[in-house]
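Notes follow the structure.
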Amino acid sequence: MLHVQIHHELPEFLVSYKRYKSECIETVLTNRSNHDIPADESTLYRWIDWFYFYVEY
């Protein structure tokens, strides 16, 4: 039996499992107090937590 695996590569402007472009996430991470991203505060806090969790990875 032949096993076929599919491999997808995302473009650079997308982040895996995120609904916003990497540019938006980067803006929030670099300018926590001064940004105009249309997202809830809880979403912004989750991005920051997500980043610091994976920063060493």
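Figures for the structure shown
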{"read-out": "Verdict on I48 being in a helix (DSSP H, G or I), aliphatic (A, V, I, L, M) and either at pLDDT below 85 or touching a His at 6+ places or on another chain (Cβ under 8 Å) (or both)", "value": "no"}
{"read-out": "Within the range 20-33, tally of residues that are touching a helix residue (DSSP H, G or I) at 6+ places or on another chain (Cβ under 9 Å) and more than 18 Å from V55 (Cα to Cα)", "value": "1"}
{"read-out": "Conditions (1) loosely packed, with under 11 Cβ neighbours inside 10 Å; (2) part of a loop (DSSP other than H, G, I, E, B); (3) not charged (D, E, K, R): number failed by S42", "value": "(2)"}
{"read-out": "Residue in the range 3-18 that is open to solvent by 100 Å² or more (accessible area, probe 1.4 Å), outside any loop (DSSP other than H, G, I, E, B) and out of contact with any Ser or Thr (no Cβ under 7 Å at 6 or more places or on another chain) present", "value": "no"}
{"read-out": "Which listed residue is loosely packed, with under 10 Cβ neighbours inside 10 Å and without any contact (Cβ under 8 Å) to a residue 12 or more places away in the chain, from E26, E56", "value": "E56"}
{"read-out": "Checklist (1) modelled with pLDDT of 85 or more; (2) under 10 Å from the mean Cα position of the chain (by Cα) applied to I25, failing item", "value": "(1)"}
{"read-out": "Meets criteria (surrounded by 10 or more Cβ atoms within 10 Å (Cβ to Cβ) and touching a Cys at 6+ places or on another chain (Cβ under 6 Å)) for I37", "value": "yes"}
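The values are calculated or read from the model by the stated rules, or taken from the named source; none is laboratory data. Worth saying up front: this structure is predicted, and the values here are computed from it rather than measured. Methodologically, a virtual Cβ is constructed for each residue, glycine included, from the backbone with ideal geometry; neighbour enumeration extends over all protein chains shown. For the accessible areas, the whole protein counts, side chains as well, though only heavy atoms, and no ligand, DNA or RNA atoms are used. Shrake-Rupley method; radii C 1.70, N 1.55, O 1.52, S 1.80 Å.
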